[in-house]
Amino acid sequence: MADRVTVIGWDGSPLTAAARSALAAATLVAGAGHHLALPEVPPGAERIRLGSVDLAARRIAGHRGTAVVLADGDPGFFGVVRTLRAPRHGLEVEVVPAVSSVATAFARAGMPWDDAQIVVAHSRTLRRAVNVCRAHPKVAVLTSPGAGPAELALLLEGVHRTFVICEELGTAREQVTVLTSDKAADHAWRDPNVVIVIGGSAGPVSAAGQGGPGAPGGAGGGWIGGRDPGYPPAVRG
């Protein structure tokens, strides 16, 4: 088993001192292509292109040395940390966090996100993710190849929504596009991307007989995550 496993979140910002130190000592580095191209990755380290996290975890478990896993955004938020720490792999990890891709996407859109639902879409959960988009007025969808903006739009046929599509966040190719859902299926979108899906209406919010945007969170503030929709995206496509 690896002597030490560090998971580093990457949001496009310069790496922290802790992240650079972990990479400098690494004898194995796993990550996407743009992570492995970072100049801080030691030239002599074994490199694993991160496709299957399970496969990478098995390689790390059998590695004699110091391992680093690089992942976009916050790796503890719907990220690789859950898989690496699963009992079947037996890995204890240290985490260097970064800003989550969801937080970055909402920041690019100029929108609050404490009222948003957050779902992960892949081949097995795509229909469930679409059902959440149908039922809630603000949803952030962490997509995957084959379960991206186009697929979401196709399954939402007949349900009008606005899509804020954030491609390759944190990279030089980052792009944010705002369009209606019926237009999203006609375009090839770059991975990784986050889709903010806006539209529909929410039911009333109440707690102890109180609710609405002026409830206990303070002047005009919210008080419960995932509710109180509002504010259109500030970005323009």
ask   = FRET efficiency for SER52 and HIS160, Cβ-Cβ distance as r, R0 = 45 Å, nearest 0.05?
value = 0.75
remark   = Taking 0.36 nm per residue of separation between ARG4 and ALA25 and subtracting their Cα-Cα distance, the length gained on full extension comes to 6.6 nm
message = With a 1.4 Å probe and all protein chains left in place, how much of the accessible area of region 1-50 comes from carbon and sulfur atoms, in whole percent?
response = 55
ask   = How long are the three semi-axes of the equivalent ellipsoid for region 6-115, computed from the Cα gyration tensor as the root of 5 times each eigenvalue, in whole Å, largest first?
value = 24, 17, 11
note = Percent relative contact order for region 15-171, counting Cα pairs under 8 Å at least six residues apart, stands at 16
note = Expected vector for region 111-126, Karplus 3J(HN,Hα) from phi with 6.51, -1.76, 1.60 and θ = phi - 60°, integer Hz, x for Gly and Pro, equals 10, x, 9, 6, 9, 9, 7, 10, 9, 10, 10, 9, 4, 8, 10, 4
ask   = Working out 0.36 nm times the residue gap between ARG134 and ASP114, then minus their Cα-Cα distance, what length gain in nm do you get to one decimal?
value = 5.3 nm
task = Find the all-direction average of the projected area of the Cα convex hull for region 137-183, expressing the result in square nanometres with one decimal place.
result = 3.6
query = Taking a ≥ b ≥ c as the square roots of the eigenvalues of the Cα gyration tensor of region 68-179, is the shape rounded (a/c under 1.5), prolate (a/b larger than b/c) or oblate?
reply = prolate
query = Considering amide H positions built from the backbone, and no H for Pro or chain starts, which residues 5 or more places from ARG47, or on another chain, come under 5 Å of its amide H?
reply = VAL29
Sites LEU179 and ARG88 - FRET efficiency at Förster radius 45 Å, r taken between beta-carbons, to 0.05 = 0.60
query = Which FRET efficiency value, to the nearest 0.05, do you get for ALA61 and SER13 by plugging their Cβ-Cβ distance into 1/(1 + (r/R0)^6) with R0 = 25 Å?
reply = 0.25
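The values are calculated or read from the model by the stated rules, or taken from the named source; none is laboratory data. Computed from a predicted structure; not experimentally measured. Glycine also receives a Cβ, built like all others from the backbone with ideal geometry; neighbour counts cover every protein chain displayed. For accessibility, only protein heavy atoms count, side chains too; no ligands or nucleic acids. Shrake-Rupley method; radii C 1.70, N 1.55, O 1.52, S 1.80 Å.
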